[in-house]
Amino acid sequence: MKLVFISKSDKKAAWGDSLQAQLPDLEFLIWPDEISDADKASIDYALVWRPPTGVLKTFPNLKAILSLGAGVDGVLVDPELPTHIPVCRLVDRCLTQGMTEYVLYHVIRQHRRFGDYEKMTAAGEWDVFTQEDARRRGVGILGLGELGRDAAEKLVALDYDVASWSRSPKDVAGVTSFHGADGLDGFLARTQILICLLPLTDETQGIINAEHLAKLPKGAYVINCARGAHVVDDDLLAALDSGHIAGATLDVFNEEPLPKDHAYWTHPKVIMTPHAASLTVPHSAAEYVAENIRLIEAGETPMNIVDLTTGY
Ligand code: NAP
Ligand code: GLV
């Protein structure tokens with residue numbers, strides 16, 4: 001069994017070791033260095049993160065395309081993507097845990113005004129803010145899938161007033177579910193801290209725009225840990241500058257790395273991380289990838305096949 005690894009990841013060796021520990025018969029080959037044209041027909045699986053356009057179709061006998069990330073926008077963007085085999089997204093314990101940590105940290109930071117305390121400390125000031133009740137803090141999660149759901153459940157455990165917005169209705173204890181285009185306005189109206197955990201698709205691109213930001217209550221906070229293209233940057237900057245939006249935590253950007261001259265770098269109301277909200281951890285993600293390969297080899301359906309019509 002042969003797998004080609006197509007990614008700029010600096011964890012190639014860790015991936016090779018972790019996968020071979022799970023599947024001793026697997027040959028792990030790194031594209032392009034370890035692949036000749038003659039090898040291509042013998043490759044069974046492609047494990048990929050943002051593969052260059054047109055590369056996947058050069059492997060004629062792939063059984064599946066396995067994503068190194070939860071989001072597959074960087075795979076589906078390929079106009080020549082082979083569509084007769086499954087594309088499987090990554091669902092992984094460490095990826096979920098990392099995202100939940102990121103969300104909880106930034107929600108609590110905003111709710112308890114720890115950023116303001118940091119600024120006061122730096123300015124040598126001593127003051128105490130009113131402590132707000134988490135039960136009165138409306139936290140809204142766009143997307144209640146693998147990641148959104150775990151974050152929602154843990155926010156509920158901390159007593160926040162949590163709502164979600166998804167395509168289909170949800171039934172998660174303690175989470176008020178909104179869905180579909182008709183549900184968006186009601187969801188936004190009660191959301192003081194907005195978290196984006198949607199996949200990037202034609203329908204969700206640019207969803208954090210002037211119209212939707214205006215529907216959030218004044219002083220709302222925005223956390224985007226999904227994809228940069230969910231945000232219309234000029235609209236968010238205008239809402240921050242007008243004071244309607246109090247601040248934003250941004251992990252992902254329309255262009256990555258973020259260009260050096262982008263206004264976000266120096267904006268006093270923006271805090272940023274470099275697309276690191278949650279990273280794929282080879283030792284745990286390899287268990288999931290190996291299980292998907294075992295399922296396919298056994299003639300069964302792999303987990304988390306992407307619906308190419310919806311894009312997630
Ligand atoms: P997922 O399990 O596929 O969940 C996606 C959720 O979004 C579902 O609840 C889905 O609704 C909802 N949704 C999709 N299209 C929608 C639409 N048009 N309107 C309303 N709701 C819609 O995805 P996931 O594993 O949670 O991952 C979410 C995203 O996080 C990924 O796609 C990726 O871009 C991002 N991510 C970022 C990082 C980072 O480090 N920044 C790390 C990992 C992932 P239904 O449930 O009704 O289908
Ligand atoms: C990271 O951005 C992922 O989609 O897993």
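The values are calculated or read from the model by the stated rules, or taken from the named source; none is laboratory data. This one's a predicted model, so the numbers in the text were calculated from it and none came from an experiment. Positions of Cβ are backbone-derived with ideal geometry, glycine not excepted, and every protein chain shown enters the neighbour counts. Just the protein is used for accessible areas: all its heavy atoms, side chains included, with ligands, DNA and RNA removed. Shrake-Rupley method; radii C 1.70, N 1.55, O 1.52, S 1.80 Å.
Picking from residues in region 262-312 that are more than 22 Å from residue 115 (Cα to Cα) and aromatic (Phe, Trp, Tyr), the one that is least open to solvent (accessible area, probe 1.4 Å) is 288. Scanning region 12-31 for residues that are in a loop (DSSP other than H, G, I, E, B) and open to solvent by less than 70 Å² (accessible area, probe 1.4 Å) yields 23, 26, 31. Do we have any residue at all in region 173-186 that's near ligand 1 (Cβ under 10 Å from one of its atoms) and among the aliphatic types (A, V, I, L, M)? Yes, because at least one residue in region 173-186 is near ligand 1 (Cβ under 10 Å from one of its atoms) and among the aliphatic types (A, V, I, L, M). Could you please find all residues in region 248-261 being open to solvent by less than 40 Å² (accessible area, probe 1.4 Å), closer than 23 Å to residue 204 by Cβ and either within 13 Å of ligand 1 (Cβ to nearest atom) or part of a loop (DSSP other than H, G, I, E, B) (or both)? Once the filter is applied, which keeps residues that are open to solvent by less than 40 Å² (accessible area, probe 1.4 Å), closer than 23 Å to residue 204 by Cβ and either within 13 Å of ligand 1 (Cβ to nearest atom) or part of a loop (DSSP other than H, G, I, E, B) (or both), region 248-261 yields 249, 250, 251, 252, 253, 258. Is there a residue being in contact with a His (Cβ under 8 Å, 6 or more places away or on another chain), touching a residue at least 60 places away in the same chain (Cβ under 8 Å) and not basic (Lys, Arg) anywhere in region 229-245? Within region 229-245, none of the residues are in contact with a His (Cβ under 8 Å, 6 or more places away or on another chain), touching a residue at least 60 places away in the same chain (Cβ under 8 Å) and not basic (Lys, Arg). Counting only strands (runs of 3 or more DSSP E) that fall entirely inside region 112-197 and contain at least 3 residues that are under 25 Å from the mean Cα position of the chain (by Cα) and at positive phi, no element qualifies. Looking at region 210-245 only, could you name the residues that are within 19 Å of residue 109 (Cβ to Cβ), more than 16 Å from ligand 2 (Cβ to nearest atom) and either open to solvent by less than 10 Å² (accessible area, probe 1.4 Å) or not in a loop (DSSP other than H, G, I, E, B) (or both)? Result: 216, 220, 221, 222, 236, 240, 245. Screening region 290-308 for residues that are in a helix (DSSP H, G or I) and within 13 Å of residue 87 (Cβ to Cβ) and picking the one that is farthest from ligand 1 (Cβ to nearest atom) gives 296.
Go through (1) touching a strand residue (DSSP E or B) at 6+ places or on another chain (Cβ under 6 Å); (2) polar (S, T, N, Q); (3) open to solvent by less than 30 Å² (accessible area, probe 1.4 Å) and name the single condition residue 201 misses. Just one mismatch for residue 201, condition (1).
Here residue 271 passes the criteria (1) part of a helix (DSSP H, G or I); (2) touching a strand residue (DSSP E or B) at 6+ places or on another chain (Cβ under 6 Å) except the one numbered (1). Of all the criteria given as (1) near ligand 1 (Cβ under 9 Å from one of its atoms); (2) hydroxyl-bearing (Ser, Thr, Tyr); (3) in contact (Cβ under 8 Å) with a residue 24 or more places away in the chain; (4) open to solvent by 10 Å² or more (accessible area, probe 1.4 Å), the one not satisfied by residue 168 is (3).
What pairs come out if I take residues in region 59-82 that are aliphatic (A, V, I, L, M) and part of a strand (DSSP E or B) and pair them with residues that are open to solvent by less than 10 Å² (accessible area, probe 1.4 Å) and within 13 Å of ligand 1 (Cβ to nearest atom) whose C-beta lies under 7 Å away, six or more apart or interchain? Listed pairs, sorted by first residue: 64/88; 65/75; 65/87; 66/88.
Scanning region 32-58 for residues that are outside any loop (DSSP other than H, G, I, E, B) and open to solvent by 20 Å² or more (accessible area, probe 1.4 Å), we see that the one that is nearest to ligand 1 (Cβ to nearest atom) is 57.
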